[in-house]
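Here the structure is laid out as structure tokens; the discussion comes afterwards.
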Amino acid sequence: MSWFVLLLVPVGAILYLLLPLLRPDREIWDVPEARIESLQEKKRMLVGAVRDIDFEHSIGNLTDEDHLEARERLKADLSGVVVDLKIAEETD
Amino acid sequence: MLQLGSVTLMTLCPVALFGIIASFVGGAKRRMGLVRAGERSLLVSFLLLTLAIAILVFQFYTDDFNSSYVAGHSNIDLSPFYKATSLWSGQEGSLLFWNWLLGVYGATVLLVHRKKNRDLMPYVTGIILTAILFFAILNGIVSSPFVPLVSEHGGTTVPFAPQDGRGLNPLLQHPAMAIHPPMLYLGLVGFVVPFAFAMAALLVRSPGSRWIRTTRRWTLFAWCFLSCGVLLGARWAYVELGWGGYWAWDPVENASLMPWLTGTAFLHSVMIQEKKGMMKVWNVALVIATYFLCLFGTFLTRSGVVSSVHAFAQSPIGFYFITFIAIGLALSIWLAYSRREFLAPESGLDSVVSRESSFLFNNLILLAACFAVFWGTIFPVISEAFRGEKISVGPPFFNKINIPIGLFLLFLTGVGPLLAWRKTSMAGLRRNLTWPTAAALVVMIVLLAQGMREFYALICFSLFAFVVAGVLLEFYRGSRVRMSQLGESIVLAVYRLTAKNTRRYGGYIVHIGTALLFAGIAGTAFNSNVRTELLEGESIDIAGYNVRVDHIESDRTPNYEYERAQITLTEDGREIKKLYPERRFYFASEQASSEVEIHTTFSEDIYVVYASHGPNDGAVIQVYHNPLVRWLWVGGMILVGGTIITIFPNQKRREQIGA
């Protein structure tokens, strides 16, 4: 095996790896703020839960009474989270 | 070629090490140049591993017996198909193959997620590169597939290339064995993705379920392949090993089952975190356990610490594995502990009678099963450490513990989908459980009336009916609404119902597959077998079948010589099938193997083994009657099919994307 071919593998790899370090750092990324991420998560969860119980009710797995009770509770929780999220986003 | 292979693997180590440092430092300091260099390291690692694999495959196809690995695992007359599979038939090649799959996963994850999860990706890259570096060290230093074969002449070693290789182990020359290892490896290696994202989320103090949502499909993908791998391994054991069964609780089988059990628990418990923000610590613990159990299984297979029919010979890599596992596990646990404030639950359990509660029980049961398997598997090691002798617990221990656990799990498989999230009222419970319970009772009464008295089998078949009835009820209720409101036909309604909620209804299909698997396993309660020497024209009876030896012959091929019996299988005097079981002796590897013949119906298997040449010049034939084995394979296929459905996005989402 020619030495040239054997050297090509490590040298080529090193050059390719080091290239980004020669360029100036321009890109930065946004890190989501932990509290906002947590509230967004909660909101997504509650919206999903409302959708779930609506579906369960529509196919007959939840009685009208259970559905109504659960929906009211979830809606109240959701309103609270939406308000908290708005405040957190404004103060961020 | 050997030199190029070695240089490739030696280059991989510094590339991966550089990538790890660049990724972690780049992530912590938010330096994009370093992050990009880390990403490039991962891509270069993948390319180097691909080159190494290509070199090894090339050596197999060109019969380059100058390579110790090729000479030890192939021969000139080996078919081209098995020359490709020889790649992973030995320790060195299988480690390289494992690492290449890590590279495939790493490069794919990087290309798919680097824009969406900018903050997590440097750490994900660093963690995957750490795994790659570990395997690269093993392959480059401890267990290289690119070692030349040498012979000693007067105290000096000179390169040596034999005329022919030692050949592939005959037991591995089977189609199931050709695809079983890649499937299994795709599963075991694939769990690195959720693990890496979980650790990355902890490192950046991301409190939510973003890592779970991001890796849901990766986890399902890995679980699906792991399921396929486990099932194909069982299938291979059944049709190739010739002992009439498919699962012997061998340490290597257990090694693949343990991460499957914790992976299954993880797939269920992540839903609770997504839906209710609960069990965050539990999910992190499960993903850590699953990932390290995948590595632990590899350690068991390769270290030689436990005896197994298909473990590799004892080798020094066991020490490296256990060190890597110990350090990795300690760091992961420390990280989870140090970030515990971000893992606090966002809500509590509303009611014990709820779907999340059933998932919680399902998790506990799966972990209990995993612990029982773990304990039984490592018991020989523990007994040797404390009493000085290896004591194996054997199948009776595993069966005694796991049968009741499995039945409870089957019960939960049926109950879970019938309970609502958060809370199920008594009225809802009555409404949802009535039909499945009735189905279970009917099956139990019918089986009792037919004389079945095996307790566990009776319970299992009743629970099978319970699960299937529950799932069918769910499909019926969902499709009924579509039929009445949208005027769809039953077929279209079921299709659209599933397509619009692939996770839910795909999951139900997985449950049907699981129930079939359990029923197939319950069939073993009625297994029987007979072994005798038969001369030409003689026959034996088993389970209503007559097995007659018509003719015994022997011959040879370039690869092996064989003895074969021509057998006629009849039922009630009617010929069913001709069977040709044979016993082979492979020249290159100097190993014997049995080629079994199986007559399969949906209700039972007649499994015929040519055990040996008899003392009276007849054929020693062993015949097994195995009921319901096909249910197992069909159940497995349904399970895999259901999992594939759950991986697909909901049709509604696709429509939205299209709009």
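From the list B:PHE46, B:PHE65, B:PHE58, the one residue that fits, being in contact with a helix residue (DSSP H, G or I) (Cβ under 8 Å, 6 or more places away or on another chain) and away from chain A (no Cβ under 12 Å), is B:PHE65.
Restricted to the range B:315-372, and to residues there that are touching an Asp or Glu at 6+ places or on another chain (Cβ under 9 Å) and open to solvent by 50 Å² or more (accessible area, probe 1.4 Å), the residue that is farthest from the other protein chains (Cβ to nearest Cβ) is B:LEU349. Selection over the range B:573-587 of residues that are touching a Lys or Arg at 6+ places or on another chain (Cβ under 8 Å) and surrounded by fewer than 19 Cβ atoms within 10 Å (Cβ to Cβ) gives a count of 1. Going by what's in this entry, would B:ALA543 be described as open to solvent by 40 Å² or more (accessible area, probe 1.4 Å), under 34 Å from the mean Cα position of the chain (by Cα) and of a type in the set (A, V, I, L, M, F, W, C)? In short, yes.
Hey, any hits in the range B:285-304 for a residue that's within 14 Å of chain A (Cβ to nearest Cβ) and touching a Pro at 6+ places or on another chain (Cβ under 7 Å)? Within the range B:285-304, none of the residues are within 14 Å of chain A (Cβ to nearest Cβ) and touching a Pro at 6+ places or on another chain (Cβ under 7 Å). A Cβ distance below 6 Å, combined with a sequence gap of six or more or placement on separate chains, defines the contacts here; from the range B:326-349, residues that are polar (S, T, N, Q) reach residues that are surrounded by 15 or more Cβ atoms within 10 Å (Cβ to Cβ) and in a helix (DSSP H, G or I) in the pairs B:SER332/B:ILE288; B:SER347/B:LYS276. Go through the residues of the range B:620-634 one by one and say whether even a single one is part of a strand (DSSP E or B), at pLDDT 90 or above and closer than 30 Å to B:ARG166 by Cβ. Yes, that holds for at least one residue. Only one of the numbered conditions (1) open to solvent by less than 30 Å² (accessible area, probe 1.4 Å); (2) more than 14 Å from chain A (Cβ to nearest Cβ) is not met by B:VAL471, and that is (2).
Condition first: basic (Lys, Arg), farther than 29 Å from A:ASP66 by Cβ and either part of a loop (DSSP other than H, G, I, E, B) or in contact with a helix residue (DSSP H, G or I) (Cβ under 8 Å, 6 or more places away or on another chain) (or both). Can you find one or more residues in the range B:449-465 that meet it? Yes, the conditions are met somewhere in the range B:449-465. For the range B:22-43, residues that are more than 9 Å from every other protein chain (Cβ to nearest Cβ), aliphatic (A, V, I, L, M) and under 33 Å from the mean Cα position of the chain (by Cα) total 1. Of all residues in the range B:73-101, those that are under 13 Å from B:SER143 (Cα atoms) have Cβ atoms under 7 Å from Cβ atoms of residues that are in a loop (DSSP other than H, G, I, E, B) and open to solvent by less than 30 Å² (accessible area, probe 1.4 Å), 6 or more apart or on another chain, in B:GLN91/B:SER143; B:GLN91/B:SER315; B:GLU92/B:SER143; B:GLU92/B:SER144; B:GLU92/B:PRO145; B:GLY93/B:PRO145; B:LEU95/B:SER143; B:LEU96/B:PRO145. Within the range B:489-515, the residues that satisfy the criterion of being open to solvent by 20 Å² or more (accessible area, probe 1.4 Å), over 25 Å from B:LEU410 (Cα atoms) and within 14 Å of chain A (Cβ to nearest Cβ) are B:ARG496, B:LYS500.
Rundown of residues vs (1) at pLDDT 85 or above; (2) open to solvent by less than 90 Å² (accessible area, probe 1.4 Å); (3) more than 7 Å from chain B (Cβ to nearest Cβ), yes/no style:
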{"site": "A:VAL5", "(1), (2), (3)": "no, yes, no"}
{"site": "A:PRO20", "(1), (2), (3)": "no, yes, no"}
{"site": "A:ARG23", "(1), (2), (3)": "no, no, no"}
{"site": "A:GLU33", "(1), (2), (3)": "no, yes, yes"}
{"site": "A:LYS42", "(1), (2), (3)": "yes, yes, no"}
{"site": "A:ARG73", "(1), (2), (3)": "yes, yes, yes"}
{"site": "A:ASP77", "(1), (2), (3)": "yes, yes, yes"}
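Going through B:ILE405, B:ILE391 one at a time, which residue ends up being among the aliphatic types (A, V, I, L, M), farther than 30 Å from B:GLU474 by Cα and open to solvent by 20 Å² or more (accessible area, probe 1.4 Å)? Just a single option satisfies the conditions, and that option is B:ILE391. Mind checking which residues of the range B:386-434 are under 33 Å from the mean Cα position of the chain (by Cα), among the hydroxyl-bearing types (Ser, Thr, Tyr) and in a helix (DSSP H, G or I)? B:THR413, the sole residue that qualifies.
The values are calculated or read from the model by the stated rules, or taken from the named source; none is laboratory data. Predicted model only: the values in this text are computed from it and were never measured. Note: ideal-geometry Cβ built from the backbone for every residue, glycine included; neighbour counts use all protein chains shown. Only protein heavy atoms, including side chains, enter the accessible area calculation; ligands, DNA and RNA are left aside. Shrake-Rupley method; radii C 1.70, N 1.55, O 1.52, S 1.80 Å.
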